[in-house]
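The values are calculated or read from the model by the stated rules, or taken from the named source; none is laboratory data. Worth saying up front: this structure is predicted, and the values here are computed from it rather than measured. With ideal geometry, Cβ positions are generated from the backbone for all residues, glycine too; neighbour counts draw on all protein chains shown.
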Amino acid sequence: MLNYIWLGLVIFSIIIGAVNGRLNAVVEAAIAYAKLSVEIAFDLIGIMAFWLGIMQIAQKVGMVQWLARLFKPIGQRLFPDVPPDHPAMGSMVLCIAASWLGLGNAATPLGMKAMEDLQTLNPIKDTASDSQALFLTLNTASVTLIPATVIALRVSMGSTNPQEIIGTTIFASGCATFFGVIITKLLARLPVFKIKTQSNENSNEIANEENHHD
């Protein structure tokens, strides 16, 4: 869908530029910002490599297990169907830690690993479990203590005070996480979702019985 949106914006810009007789300005802007995007990407390589290295060191020295134990009381309340010592808990802690540091790109592969671990606990493989839905909420609307990526972007763009967004970022992301968890928990209690889950379980049981009889 996003591809169609971007394509529409590009076509719309070209048409407007041609109508206004400023097609050259559109082409020059496209080339200039393509160059700027490459420069920003190179500026981000260092900070992304640094934090990814920190994550790897934390995993090697056992900090993940320590964070999992620290997260255990909250994790047991948020994810009651995930055993505290299950690998999924450690994977989720790593992903959430990366999100707290504002490393969205680093959190993506960690989130995928956490989803794979949660899938091993999911009894209905073609339907997201409550834990998977809640983790997706936490990963999307995550509290961001240090918006490292945004700060790096502001530095690369010449901001004189790039860290001034930290306070507002913590407030906004904290509100998003708080209400996201509440809404996800409330939706999980709705009968429509429970009926759907139960019907899937019944269908699986019937299919297993038929296979057994065959």
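Quick notes
- Counted residues, region 37-70 - those being of a type in the set (G, A, S) and at pLDDT below 65: 1
- Top-ranked residue in region 13-50 [being of a type in the set (D, E) and within 16 Å of G158 (Cα to Cα); ranked as surrounded by the most Cβ atoms within 10 Å (Cβ to Cβ)]: D43
Residue by residue, here is whether (1) under 12 Å from the mean Cα position of the chain (by Cα); (2) polar (S, T, N, Q) holds:
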site	(1), (2)
I124	no, no
T137	yes, yes
S142	yes, yes
L145	no, no
A152	no, no
M157	no, no
T160	no, yes
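- For region 111-167, the set of residues classified as loosely packed, with under 15 Cβ neighbours inside 10 Å, under 24 Å from G46 (Cβ atoms) and of a type in the set (V, I, T) consists of V155, T160, listed by residue number.
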